[in-house]
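Here the structure is laid out as structure tokens; the discussion comes afterwards.
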Amino acid sequence: MADEEWFHSPNSVLMFGGVLVRVDYFDSAKDLLYYFEKPWKWTTEHELWEGCNRPDLDEEGWDWFLRKLEELVGL
């Protein structure tokens with residue numbers, strides 16, 4: 001995604017939304033819907049995930065991503 005922001009790509013928004021669901025980031029379905037309405041508000045979290053090499057559950061880097069996300073938002 002060279003010159004395009006991540007939140008302009010529906011696939012990227014969906015993929016990262018799945019990551020946030022797996023870490024129980026949203027308190028309610030309403031919060032999840034808000035994410036899909038305004039995904040750019042999660043750019044900091046997305047950049048953190050990108051910086052950890054976009055890990056998925058059970059992949060190398062997932063635990064590191066979780067620790068850094070906890071530090072970022074106090075999960």
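General observations
- Table column - 3J(HN,Hα) (Hz), segment 19-29, Karplus curve with 6.51, -1.76, 1.60, x for Gly and Pro: 4, 5, 5, 5, 9, 6, 6, 9, 7, 7, 4
- Excluding exposed DSSP-loop GluC sites (Glu not before Pro) (at most 11 other C-beta within 10 Å), longest clean stretch of the chain: 5-59
- Result for the chain in a Gaussian network model with C-alpha springs under 10 Å: among Phe36, Phe16, Phe65, the largest mean-square fluctuation is at Phe36.
- For the chain, relative contact order (Cα pairs under 8 Å, six or more residues apart, normalised by length) works out to 23 percent.
- Which labelled figure in (i) 88; (ii) 100; (iii) 110 is volume of the Cα convex hull per residue in Å³, once derived from the coordinates: (i)
Only the coordinates and a few stated rules stand behind these numbers; no lab work does. Everything numeric here is computed off the predicted structure, so don't read it as measured data. Note: ideal-geometry Cβ built from the backbone for every residue, glycine included; neighbour counts use all protein chains shown.
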